[in-house]
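Below is one structure, written out as structure tokens; comments come after it.
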Amino acid sequence: MASYSTILVGTDGSQSSFRAVERAAKVAADSGGALLIASAYTQMSDREQRQAADALGEEAYKVVGSHPADDILREAADIAKKAGAKNVDTVCQAGDPVDVLVDVIGKRDVELCVVGNRGLNSLAGRLLGSVPANISHRASCDVLIVHTTSGRGR
């Protein structure tokens with residue numbers, strides 16, 4: 001197996017995506033590579049931001065509302081470190097998950113992208129294309145699709 005110096009894994013905060021994070025962390029630990037954990041999010045409109053600030057109170061919104069995926073990334077980084085990854089970094093970026101992962105692959109010289117298989121067998125995945133299927137077609141690096149939907153990814 002090739003030794004990867006930069007490994008990327010995407011997470012949306014779901015348990016299945018955390019299984020992919022754990023597997024990516026083990027690959028990073030085995031290869032001595034850096035692990036980059038990415039999460040994509042939908043940018044809130046100005047109106048949605050005002051509504052959130054009104055609902056939470058302006059000061060609470062400033063504390064809570066920095067980046068929607070910050071909590072997900074903190075939890076994923078903890079999972080990765082417990083799985084043995086030593087060099088862990090995170091990136092939070094607005095946009096479609098596939099577009100974000102492809103962008104990060106190019107900007108960070110990623111050699112391996114790890115994604116879970118969730119969505120490959122769903123009707124929506126077959127009709128619209130799933131994240132793992134689209135990444136496997138668009139990535140300029142190796143792609144590892146981890147079986148995460150039945151617990152076998154651990």
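The values are calculated or read from the model by the stated rules, or taken from the named source; none is laboratory data. The structure displayed is predicted, hence computed values, not measured ones. Counting neighbours? That spans all protein chains shown, and the Cβs are built from the backbone with ideal geometry, glycine included.
Listing for the model above:
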| item | result |
| --- | --- |
| Hits in segment 72-82 (condition: more than 17 Å from S5 (Cα to Cα) and either of a type in the set (A, V, I, L, M) or in contact with a Gly (Cβ under 8 Å, 6 or more places away or on another chain) (or both)) | I72, L73, E75, A76, A77, I79 |
| Number of the condition not met by A52 [criteria: (1) among the small types (G, A, S); (2) in contact with a Gly (Cβ under 9 Å, 6 or more places away or on another chain); (3) at pLDDT 75 or above] | (3) |
| Test: residue in segment 5-25 that is touching a Leu at 6+ places or on another chain (Cβ under 9 Å), over 15 Å from K81 (Cα atoms), modelled with pLDDT of 95 or more and assigned to a strand (DSSP E or B) | yes |
| Failed item in (1) more than 24 Å from V131 (Cα to Cα); (2) at pLDDT below 95, with K82 passing the rest | (2) |
| Residues of segment 86-111 that turn out to be assigned to a helix (DSSP H, G or I) and at pLDDT 90 or above, as a count | 10 |
| Residue that is nearest to V102 (Cα to Cα) [pool: residues in segment 136-154 that are of a type in the set (G, A, S) and at pLDDT below 60] | G153 |
